[in-house]
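This report refers to the structure that appears directly beneath it.
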Amino acid sequence: MSGRRDSNSGSGKTTPGARVLELATTRAITEDDIAEVHNLHITAFTKLGGALHDAEHTEAFAAHVNTPAYTDQLMQADVWGVWLDKSLLATGGWTPGDDQGKSARIAFVFVNPVFSRLGIGRTAVEGAERRAAAAGFHSYSVRATLNTVPIFERLGYAVTSRGVTPLLGGIDMPVVFMRKEGTGARR
């Protein structure tokens, strides 16, 4: 991964986020990583989304992540992790998003709260978009949790609608459906 320069400083110094990304590696998530992935997803949602989601949603999300169905979805998707040594910093993946084979759904994007706001989430999303583009997809959709909407907007996604996603116990969690058209993700 290449580092980014801090364009605001004028000094050409590498930003902390760029330094982390220079040292980080990416690889596909395997069955051996599932416990760490589950932990990251629950921690990220709780810490980074907690201000916008109530305790009922947070608890239902944690229960949902720990189901065999969630693990099956992870293993069926193309999910990669961003790693610093043996620590999982972020995940990001994609699945075919429609039956016509025209849209990829970006999914499983979570960042360790300690490493948030360093560009690692962007790296995870852009990696998923590149892999989806390589598979022939040039349109991307996401079911964004409330706290991630600004991030996806900065990456060129537009809100198409608002809705809910069902969790365990009959809990409906609010989400925002977003879309990004074209081949802008190809780099």
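Overview of values
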{"quantity": "Neighbours by Cβ (under 8 Å, 6+ apart or cross-chain): first from region 81-94, closer than 14 Å to Thr123 by Cβ and surrounded by fewer than 24 Cβ atoms within 10 Å (Cβ to Cβ); second charged (D, E, K, R) and modelled with pLDDT of 95 or more", "calculated": "Leu88/Asp33; Leu88/Glu36"}
{"quantity": "Residue under evaluation Arg105, criteria (1) touching a strand residue (DSSP E or B) at 6+ places or on another chain (Cβ under 7 Å); (2) within 20 Å of Glu36 (Cβ to Cβ); (3) of a type in the set (D, E, K, R), criterion not met", "calculated": "(2)"}
{"quantity": "All positions within region 100-132 that are more than 13 Å from the chain's Cα centre (by Cα), among the small types (Gly, Ala, Ser) and under 24 Å from Glu22 (Cα atoms)", "calculated": "Ala132"}
{"quantity": "Any hit, region 57-77, residues being in contact with a Ser or Thr (Cβ under 6 Å, 6 or more places away or on another chain), surrounded by 13 or more Cβ atoms within 10 Å (Cβ to Cβ) and closer than 22 Å to Ser141 by Cα", "calculated": "yes"}
{"quantity": "Unique residue being in contact with a strand residue (DSSP E or B) (Cβ under 8 Å, 6 or more places away or on another chain), within 14 Å of Ser139 (Cα to Cα) and assigned to a strand (DSSP E or B) when the list is Thr95, Thr91", "calculated": "Thr95"}
{"quantity": "One residue from Thr183, Thr145, Thr123 being among the hydroxyl-bearing types (Ser, Thr, Tyr), out of contact with any His (no Cβ under 9 Å at 6 or more places or on another chain) and either at pLDDT below 95 or under 21 Å from Gly49 (Cβ atoms) (or both)", "calculated": "Thr123"}
{"quantity": "Where Gly3 falls short, out of the listed (1) in contact with a Ser or Thr (Cβ under 8 Å, 6 or more places away or on another chain); (2) buried (at least 17 other Cβ atoms within 10 Å of the Cβ); (3) outside any strand (DSSP E or B); (4) at pLDDT below 95", "calculated": "(2)"}
{"quantity": "Neighbours by Cβ (under 7 Å, 6+ apart or cross-chain): first from region 122-144, buried (at least 17 other Cβ atoms within 10 Å of the Cβ); second hydrophobic (A, V, I, L, M, F, W, C) and assigned to a helix (DSSP H, G or I)", "calculated": "Thr123/Leu21; Tyr140/Ala132; Val142/Phe152; Ala144/Phe152"}
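The values are calculated or read from the model by the stated rules, or taken from the named source; none is laboratory data. Given the structure is predicted, the values throughout are model-derived calculations rather than measurements. Reconstructed Cβ throughout: ideal geometry from the backbone, glycine too, with neighbour counts over all protein chains shown.
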